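Rule-based calculations on the coordinates, nothing more; no lab input. All of these numbers come straight from a predicted model, not from anything done at the bench. Backbone-built Cβ (ideal geometry, glycine too); neighbour counts: all protein chains shown.
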Amino acid sequence: MVRGVRIATLATLWLVPLLIFVSAFSSDWVTTWRALGVPSMTPHFLDLYVIPTAIETLHKGGDPLDANPADPLHRSMNYPRVWLYLFSAARITRGNITIVALIFCAFYLSCMSFLILQTRHALDAVILLLASLSVAPLLAMERGNTDLLVFSLIFLACIVTNEHTKSGLFGVAALLKIFPIAAMMTDAIRRPRKKRMLAAVLTGIVLALILLQWRDLSLIRKGTPVYRVKSYGVLSLEQEVLFDTLQWGFLIGLGWIVVLECWLAGALAIGNAWRNPWEFDASALNSRFVEMFSVFGGTYVFTYAIGSNFDYRLILLLPTLPLALEMVRSSRYRVWGIVYLGLVALAENSIGFEQSGGTIAGHAATFALFIILLAMLTRLHKISLVTPDTSPQILQRSQPAVHGPRDLHSFD
């Protein structure tokens, strides 16, 4: 039965986007996507347009990170310059941008197909299917956003076994979009002490390469808008609070107070989780999905804490779902798992009912996930940090539960 459900969900996973694209290309692009609750704009794959138009601006002597008049919406390019070199080398122009966007979508669908194939329960496969085709990932497909490629690189890094290849993939992703540097840091923390130093050095090198682009980073930050709608993160939440309080007839004051309070809440969550570790079952620590949960969860937390992100970046939460589904089946973690799954479902689909309270609901869900993930990641990383010669991925099977650092046995 499970095998049959897997096949059916995989077929649906690929067939639904195919039918959406066929309908969008053959009839009306905007109408098709908006019927699914996805905010849509033209031209097709609008986000990807910014790179080939930036190349056009560059050839005319302009700096597309500062101003990009060739773009349909006159948006400056808010990506590192490496995208210009890659697209130029691959001869990607406005004329063939659709092919690139569809390839990015195929990469994303391949990653989610892998997760579905790893499921052991029919219900898990159905839940992953629904999450994969929720509004946030559909928005990423509609825009042809480069996060689909970066997501796939991080995902591939999580499943490869060669540690040098793993670090290399994380590094490439970080150089492409900056925020995956959090994935490199998480990977370094999770490794045993003897291997942690090399990972930390590689992370430092990539971080240095990013910081050497300090002028470009300033332009990217300037060119990245902060919105309260269709967005998440401390800066988006700040805008939402300021907007709502103004609508209600008063103003809370300086917006940075909201950001500071978010950071303080995160710090309190970390401190509380460090002082009050959970008793993890051996099965939870041995799960093959712990690494994905840590890497993608840590990357989501980083993106939330530093700024404003369009909701398509919520695809970062999807690879955390398999571990949550496993925890639902444990009486010890069932409540945590159910709450987590509900919050992810709300966050991923809040755009679809934006006019009916979806914006506020989305901010509430993404903030709650920020706090929950910080607490869980602290508990998981504490095991790695207090037992530096071990890896939490491979726990002796004979041990029924881990009650703290002193109960840990040697790891492979």
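Worth pointing out:
- C-alpha center-to-center spacing [region 178-204, region 333-376] in angstrom: 28 Å
- If you sort the three axes of the alpha carbon gyration tensor as a ≥ b ≥ c, you get a/c under 1.5 for the chain, which makes it rounded.
- Sorted by Cβ density within 10 Å, fewest first, the residues LYS166, LYS382: LYS382, LYS166
- Charge tally around ILE360: other residues with Cβ under 11 Å, Lys/Arg +1 each, Asp/Glu -1 each, net -2.
- Expected 222 nm ellipticity per residue - DSSP helices of 4 or more, -39500 (n - 2.57), all of the chain, to 500: -21000 deg cm²/dmol
- Crossing angle, helix 358-386 versus the chain [Cα axis fit, 0-90 degrees, rounded to tens]: 40 degrees
- Using θ = phi - 60° in the Karplus curve 6.51 cos²θ - 1.76 cosθ + 1.60, the 3J(HN,Hα) couplings for region 181-197 round to 4, 5, 5, 5, 5, 4, 4, 5, 5, 6, 6, x, 4, 5, 9, 5, 4 Hz; x is entered for Gly and Pro.
- Shape category assigned to region 100-218 from the gyration tensor of Cα positions, a/c cut at 1.5: oblate
- When peptides 17-26, 138-147, 86-95 are ranked by their average number of other Cβ atoms within 10 Å per residue, the highest-first order is 138-147, 17-26, 86-95.
- Overall form of region 153-294 per C-alpha gyration tensor (a/c, 1.5; a/b vs b/c): oblate
- Computed over the chain: relative contact order in percent, which uses C-alpha pairs under 8 Å that are six or more apart: 17 percent
- Length released on extending from ASP66 to THR98, taking residue separation times 0.36 nm less the Cα-Cα span: 9.0 nm
- Simple label model, 7 Å out from Cα along Cβ direction - HIS164 to LEU130, nm: 4.5 nm
- Order of TYR333, TYR340, TYR300 under a 10 Å beta carbon neighbour criterion, fewest first: TYR333, TYR340, TYR300
- The C-alpha atoms of the chain define a longest principal axis, and helix 234-247 lies at about 70 degrees to it.
- Mean Cα-pair separation over length for region 219-376, i.e. relative contact order, pairs under 8 Å, 6 or more apart, %: 29 percent
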